[in-house]
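Have a look at the structure below before the remarks.
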Amino acid sequence: MIRTIEQLNAVKEKSAEVVSTRVNKIDRGYKDVLVCGGTGCTSSGSAKLIKILEDEIKKNGIEEKINIVKTGCFGLCVLGPIMMVYPEGTFYSKVEAGQIPQIVESHLKNGVPVKEFLYSETVNGDEIGTLDDTSFYKKQHRVALRNCGVINPEHIEEYIARDGYQAIYKVLTSMTPDDVIQTLLDSGLRGRGGGGFPTGLKWKFAKASVNEQKYVCCNADEGDPGAFMDRSVLEGDPHAVIEAMEIAGFAIGANQGYIYVRAEYPIAVERLEIAIKQAEEEGLLGDDIFGTGFSFHIGLRLGAGAFVCGEETALMTSIEGNRGEPRPRPPFPAVKGLFEKPTILNNVETYANVCQIILNGAQWFAGMGTEKSKGTKVFALGGKIRNTGLVEVPMGTTLREVIEEIGGGIPNGKKFKAAQTGGPSGGCIPPEHLDVPIDYDNLIFIGSMMGSGGLIVMDEDNCMVDIAKFFLDFTVDESCGKCTACRIGTKRLYEILTKITEGKGTLEDLDKLEELCYYIKENALCGLGQTAPNPVLSTLRYFRDEYIAHVVDKRCPAGVCKELLTIRILPEKCKGCSLCSRKCPVNAISGKIGSPYVVDHSKCLKCGVCMANCKFNAIVMD
Amino acid sequence: MVLEKSSVPFFGTAEQKKRLMAVISEHKDEKGALMPILQKAQDIYGYLPIEVQQIIADEMDIPLEKVYGVVTFYAQFSTHPKGRYRISVCLGTACYVKGSGDIFNRLVERLGINGGEITPDGKFSLDACRCIGACGLAPVMTINDDVYGRLTVDDVDRILDKYN
Ligand SMILES: Cc1cc2nc3c(=O)[nH]c(=O)nc-3n(C[C@H](O)[C@H](O)[C@H](O)COP(=O)(O)O)c2cc1C
Ligand code: FES
């Protein structure tokens, strides 16, 4: 049990020494082997690697000298499974089971890194660099992710070693709730869940509501498909969220918290359960924390796969055990939220910044970022980009820096077409806006939004009409059905988009599409419906020529919309072998042996069997 | 109300019922207990047939309509049984732009069933999901607890053969 600051500091000192091997690269006579245990690397087999690693270490009789640490996500998911060896900080990527014996014997036992298994960017002749030297890491600045990939999230002492639970001590013993709120206001922290509402202001409203029962909630629903920042924070540093929720509880006068997590995140749920249990056992969560009389409890609630439950009022309805339908606002949750009591809801990443702001001061945080968006933002980089993974950069970094420098650009020599931010509520950003500094206001200005941080890169092979249709398919699916504008409006949008992708659209449809978009935006009940038309509006704004190509020329320039494609046999390449004609299931190809074959478009199903079988690459679909 | 009844007859064991009752009495008095109870009930039975919903409604003393309303609202709750091998293809944005739609279509073709359905022999069920958080490995699908990443359409056949 930790009841005093002396006890907390004693744990801190002891474990700080343990983590100094990896944090400060101090050689204390043994090695730390860090293996990523996040979802990405676990999916690519890291759990099995740990087992093999343990066996090999035993075989070599060096158990005493090696400390295996299962961490959260390092960020570079594309290179997983990832393994780091400290104090050197060498970086093995895409580690395979068969490589482990050699790594253990050569590196862990005899101190000679196995160069050919290291991440190639860190090897320069005889010099071996670390993760920090890669272009992926250089421009990053880690605040919310500071402990991810550094500590073992299942050991509370490692969090304590990294100043864990110092912030709640400081708050409870030397600050008033108003001080806490003022610090957050001064820091300029805005909500990372999408809206960008000032966190201090939200807490101020909730504090002002008079009620003996209030609640603190954490939104870990992470509904944007293609985003995984919040998951990584929970998997890599769960205590940071727990401690911040305690601080929020102190600030607004609440003693009960709920974390609402997506059920699709089993590892995050498990780590949270462990973290809550450990914090309770240490007395850092529960009754009378640090003997100050302040009590705070946290319950976990699992979502059940409904996107709308990320919306604040729907999330609360869901925790109450109902269909997760949103409620009209006002009353705002700060007045009447969960179980009709004053409630604050913040996003995981928002909480992950709070303890650092308390410890380092508002000025420190306000020193990063742009005028109206302070601090850093975590993005989940995905899609057509080399370094898919997690990146945290100061607000105001340009998209170009994120995509080209950190992300390593587009693979396979393809051309960048658009970056999608804000998920189903956001928009597509075209090449001409790549140099816009990323912050809340700029992204809205160019027709997208920050969202929670999903950043999907698309190249010339992606059809923007198809992408708009993809997002509408999502919202049609996820609309809760409570309001007509969203329930029926999104369905009509989807139908018009389908018509266009099938080559049956008209120019008039484009106008109808736009008109309907504005109608839905104005009339939908909650944020889901109000933002659902954004993917359509932004693609119409920046990629109108692609829409025109579909409706006027009946052509899909990216070659995605199947109905608009035709299969052609290139006469200059066709040898007349007749294979395609024999493979075609509907006898749509005919010709004479030895001379070029032709496709009968009235029969062709565009199944692609002919293309797959042609030995001369003579068949194309465009 | 028209209840969606599964075409497969319900066989619950006494053991399952005992576990369900234990879960209900453990959570019954919590605020907002219905969701956690349904989640655990689905763990026990694999799905939530109307018979199980009825037990929960009776024991919690709430109308069946309320239980049914919640069950049908959330994508994770299923009123139909799942296959022995539950295939789930990620149609999240990161996976979609990297071609997971083609993976899904290939599975539809191979298994002869649509999303949300189960093969007649009860072996495979197919679903689409939205992002399991492994976007770095896109496109991704899962079969029970195994995750398959960086897929191509050709991989699908190879992987399915493993389960035959
Ligand atoms: C349809 C919809 C889905 C949302 N999904 C999420 C989500 O998955 N995660 C999240 O943190 N916020 C989500 N939000 C925003 C929340 O309503 C809320 O503004 C946010 O959690 C507040 O926390 P913050 O101020 O720390 O950002 C969503 C909003 C809407 C309208
Ligand atoms: S989009 Fe498929 S795992 Fe995230």
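The values are calculated or read from the model by the stated rules, or taken from the named source; none is laboratory data. The shown structure was predicted, so the numbers you read here are calculated from the model rather than taken from an experiment. We place every Cβ from the backbone using ideal geometry, glycine too, and count neighbours over all the protein chains shown.
Please verify whether the range A:428-440 includes one or more residues that are in contact with a Leu (Cβ under 9 Å, 6 or more places away or on another chain) and of a type in the set (Ser, Thr, Tyr).
The answer is no; no qualifying residue exists.
Could you please find all residues in the range A:400-411 being free of Cβ contacts under 8 Å to residues at least 40 places away in the same chain and outside any loop (DSSP other than H, G, I, E, B)? Talk me through it step by step, then tell me what you get.
The first filter runs over the range A:400-411 and keeps only residues free of Cβ contacts under 8 Å to residues at least 40 places away in the same chain, leaving A:400, A:404, A:409, A:411.
Scanning the range A:400-411 gives A:400, A:404, A:411.
Can you tell me which residues in the range A:318-341 are β-branched (Val, Ile, Thr) and under 20 Å from residue A:481 (Cα atoms)?
The initial filter retains those residues of the range A:318-341 that are β-branched (Val, Ile, Thr), namely A:319, A:335.
Hit for the range A:318-341 is A:319, nothing else.
Scan the range A:367-378 and tell me whether some residue there is at negative phi, among the small types (Gly, Ala, Ser) and either within 14 Å of another protein chain (Cβ to nearest Cβ) or touching a Pro at 6+ places or on another chain (Cβ under 8 Å) (or both).
No.
Restricted to the range A:564-587, and to residues that are aliphatic (A, V, I, L, M) and either within 46 Å of the chain's Cα centre (by Cα) or at pLDDT below 90 (or both), which residue is nearest to residue A:503 (Cα to Cα)?
Residue satisfying both the conditions and the ranking: A:564.
Within the range B:73-85, is even one residue of a type in the set (S, T, N, Q), under 16 Å from the mean Cα position of the chain (by Cα) and within 16 Å of ligand 1 (Cβ to nearest atom)?
Yes, there is a match, as at least one residue in the range B:73-85 is of a type in the set (S, T, N, Q), under 16 Å from the mean Cα position of the chain (by Cα) and within 16 Å of ligand 1 (Cβ to nearest atom).
Considering only residues that are away from ligand 1 (no atom under 11 Å from the Cβ), buried (at least 24 other Cβ atoms within 10 Å of the Cβ) and among the acidic types (Asp, Glu), which ones fall in the range A:207-243?
Residues satisfying the conditions are A:235, A:237, A:243.
Among the residues of the range B:40-62, which ones are buried (at least 17 other Cβ atoms within 10 Å of the Cβ) and among the polar types (S, T, N, Q)?
If the condition is that a residue be buried (at least 17 other Cβ atoms within 10 Å of the Cβ) and among the polar types (S, T, N, Q), then B:42, B:53 are the ones that fit.
Return the only residue of A:389, A:383, A:396 being closer than 30 Å to residue A:165 by Cβ, in the same structural domain as residue A:449 (by TED's automatic domain parsing) and not hydrophobic (A, V, I, L, M, F, W, C).
A:389
Looking at A:271, A:329, A:301 in this structure, which one is within 15 Å of ligand 1 (Cβ to nearest atom) and outside any loop (DSSP other than H, G, I, E, B)?
A:301
When you look at residue A:327, is it away from ligand 2 (no atom under 16 Å from the Cβ), among the basic types (Lys, Arg) and crowded, with 19+ Cβ neighbours inside 10 Å, yes or no?
Working: away from ligand 2 (no atom under 16 Å from the Cβ): yes; among the basic types (Lys, Arg): yes; crowded, with 19+ Cβ neighbours inside 10 Å: no.
Taking the combined requirement at face value, the residue does not satisfy it.
Looking at residue A:459 and the list (1) among the acidic types (Asp, Glu); (2) in contact with a helix residue (DSSP H, G or I) (Cβ under 7 Å, 6 or more places away or on another chain); (3) surrounded by fewer than 20 Cβ atoms within 10 Å (Cβ to Cβ), which single condition is not satisfied?
It is condition (2) that residue A:459 fails.
Quick check on the range B:67-80. Is at least one of its residues buried (at least 17 other Cβ atoms within 10 Å of the Cβ), farther than 20 Å from residue A:304 by Cα and within 13 Å of chain A (Cβ to nearest Cβ)?
no
Grab the helices (runs of 4 or more DSSP H) fully contained in the range A:155-237, keeping just those with 2 or more residues being of a type in the set (Gly, Ala, Ser).
A:166-174, A:199-208, A:229-236
Only residues that are closer than 23 Å to residue A:298 by Cα, out of contact with any Gly (no Cβ under 6 Å at 6 or more places or on another chain) and charged (D, E, K, R): list them for the range A:319-370, please.
A:336, A:340, A:341, A:349
What number of residues within the range B:141-152 are within 11 Å of ligand 2 (Cβ to nearest atom) and more than 7 Å from every other protein chain (Cβ to nearest Cβ)?
Summing the residues that are within 11 Å of ligand 2 (Cβ to nearest atom) and more than 7 Å from every other protein chain (Cβ to nearest Cβ) in the range B:141-152 gives 3.
Which numbered condition in (1) of a type outside the set (Asp, Glu); (2) more than 14 Å from chain A (Cβ to nearest Cβ); (3) over 30 Å from residue A:470 (Cβ atoms) is the only one that residue B:87 fails?
Condition (3) is where residue B:87 drops out.
Count, please, the residues in the range A:278-298 that happen to be under 22 Å from residue A:343 (Cβ atoms) and outside any helix (DSSP H, G or I).
8
Can you report the number of residues in the range A:516-568 which are more than 16 Å from ligand 2 (Cβ to nearest atom) and in a helix (DSSP H, G or I)?
The total comes to 32.
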